[in-house]
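Just so it is clear, none of the values below were taken in a lab; they were calculated from the coordinates. Keep in mind the model is a prediction, meaning the values are calculated, not measured. As a convention, Cβ positions derive from the backbone with ideal geometry for all residues, glycine included, and neighbour counts pool all protein chains shown.
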């Protein structure tokens, strides 16, 4: 696993939870991207890296798809539970 070189940003509050859930499932970023594309969400590898690094905002469509794919709730991704 690569170590993050840049500090976390402040553009979203779910990036760290996406990373945690993805790693908990043993899923690589490219696998998550494939599942997102299957769900109709077109996202690039750099965009996912920025999202997980909290340097890119997340749309409502992306949030719902991420929760479904990662088998977590939207509330959990947002740090509400």
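Things worth noting here:
- Mean separation of Cα contacts under 8 Å (6+ apart) over length of region 15-77, as relative contact order %: 41 percent
- Region 34-81 - Debye-derived log10 I(q)/I(0), Cα point model, q = 0.19, 0.21, 0.22, 0.26 Å⁻¹: -0.60, -0.73, -0.80, -1.08
- Cα-based shape type of the chain, given that a ≥ b ≥ c are square roots of the gyration tensor eigenvalues and the cut on a/c is 1.5: rounded
- Entry note, the chain: the mean residue ellipticity at 222 nm calculated from DSSP H runs of n ≥ 4, each adding -39500 (n - 2.57), is -14500 deg cm²/dmol after division by the residues and rounding to the nearest 500.
- Model label sites at residue 10 and residue 29, defined 7 Å from Cα along the beta-carbon direction, differ in position by 2.4 nm.
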